[in-house]
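Worksheet: one structure, shown below.
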């Protein structure tokens, strides 16, 4: 019989495999170009992307609650199923309405996965008595995501030169593999982590109370959400940004792949920066540098655009695992998936608002200017939220949340 310690370590290994297969999105760097190739305008593409974000906005917190109530493993399996349906829709959709349904399925599927993977990874590390190593595991988790994305994007770009359908077929096959691995995960029950009854009403009540009582946690959640939302919009519309300045579809996929590979290397070593400069030093510096780099995006230059894309990705993959570790440390286990989903919920709200605006303004003024101004404004707000968090974090540690 596998011991509790070994089952936690086994879970971590399986989660890494599941993450590898589940993030092979072969269309990630080129799906907007696929839709444009189908005859849709940038405004319509922006609206489709906003439907993904709307679905995430509506379903993110319920998805996290589902994971907290019925298990992260079940949540992952449902999420993979919905994403497979999305890729089937990308192949067979013939009009805007069908594509709209397809993108809504993607948004709902992502909500069942986001928060669940990180929460199960953290609880598995805790189960294995390796909670102190979570920053390293989070960095490795992000590195695996970016590594497989880099490979998938290059392959997807190559496949698209011959046929678009096989780009989505390849994605389906990898999602099926991720689902298969998910069946072997061990659910970390809350009876093992807490004496609290695991009821949906309790999860909702304590999650809301946590955000009300812990002002510094609320500032952290809002700041991270805004940072993720802005970066995600930039990452998605970078496809069109590069297209506007003359790069081909295949070259764009290669750019995304190489940057993802570099990001994987950086993410895996992010915990070393955290150890040397502490979370507050790394996170605040990351936001400051991001704001400066967004300023350079305003100028429609191939060199500046490419340099900005590389640097913003590297900074994001330093910021992300460190902020993820900090949030997990601040959140009790029973609300972990719910409140991680709250971050995704708020990020989706940012993307929902910005995506159609981005699509519309891209056709009028070009993509660069709006991304630059939105990026600078967002980084100012993120900076203020994080400064508020760290100020309260160090001066009011006695106010940490204690469940009834």
- Item | Pairs, first on the phi > 0 side of the Ramachandran plot in segment 127-146, second modelled with pLDDT of 80 or more and part of a helix (DSSP H, G or I), C-beta under 9 Å, six or more apart | 129/8
- Task: Considering every residue within segment 334-341, establish whether at least one is out of contact with any strand residue (DSSP E or B) (no Cβ under 8 Å at 6 or more places or on another chain), over 23 Å from residue 386 (Cα atoms) and either assigned to a loop (DSSP other than H, G, I, E, B) or modelled with pLDDT under 85 (or both).
- Result: yes
- Query: Just one of 355, 349 is closer than 23 Å to residue 55 by Cα, modelled with pLDDT of 75 or more and crowded, with 23+ Cβ neighbours inside 10 Å; which is it?
  - Reply: 355
- Item | Candidate set from segment 38-49 (those that are in contact (Cβ under 8 Å) with a residue 12 or more places away in the chain and over 19 Å from residue 86 (Cα atoms)); member that is surrounded by the fewest Cβ atoms within 10 Å (Cβ to Cβ) | 41
- Note on the structure: The residue that is farthest from the chain's Cα centre (by Cα), considering only those in segment 233-251 that are surrounded by 20 or more Cβ atoms within 10 Å (Cβ to Cβ) and at pLDDT 85 or above, is 242
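Looking for whichever is over 15 Å from the mean Cα position of the chain (by Cα), surrounded by 23 or more Cβ atoms within 10 Å (Cβ to Cβ) and at pLDDT below 85 here; the options are 67, 138. Which one fits?
That would be 67, the only listed residue that is over 15 Å from the mean Cα position of the chain (by Cα), surrounded by 23 or more Cβ atoms within 10 Å (Cβ to Cβ) and at pLDDT below 85.
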- Query: Just one of 325, 267, 290 is modelled with pLDDT of 90 or more, within 23 Å of residue 343 (Cα to Cα) and assigned to a helix (DSSP H, G or I); which is it?
  - Reply: 290
- Query: Could you list, in sequence order, the residues of segment 189-224 that are assigned to a loop (DSSP other than H, G, I, E, B), loosely packed, with under 14 Cβ neighbours inside 10 Å and at pLDDT 60 or above?
  - Reply: 189
- Message: I need a count of the residues in segment 363-383 that are loosely packed, with under 15 Cβ neighbours inside 10 Å and modelled with pLDDT of 85 or more.
- Response: 2
- Regarding residue 43, is this residue at pLDDT 90 or above and part of a helix (DSSP H, G or I)? no
- Query: Can you tell which of 58, 52 is crowded, with 19+ Cβ neighbours inside 10 Å, at pLDDT below 95 and part of a helix (DSSP H, G or I)?
  - Reply: 52
- Task: Confirm whether residue 100 is modelled with pLDDT of 85 or more, farther than 15 Å from residue 22 by Cα and crowded, with 22+ Cβ neighbours inside 10 Å.
- Result: no
- Task: Check residue 79 against each of (1) under 17 Å from the mean Cα position of the chain (by Cα); (2) in contact (Cβ under 8 Å) with a residue 60 or more places away in the chain and name the one condition it does not meet.
- Result: (2)
- segment 2-37, subset touching a residue at least 60 places away in the same chain (Cβ under 8 Å) and outside any helix (DSSP H, G or I), residue nearest to residue 255 (Cα to Cα): 29
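The values are calculated or read from the model by the stated rules, or taken from the named source; none is laboratory data. The model shown is predicted, which means the values in this text are computed figures rather than measured ones. Note: ideal-geometry Cβ built from the backbone for every residue, glycine included; neighbour counts use all protein chains shown.
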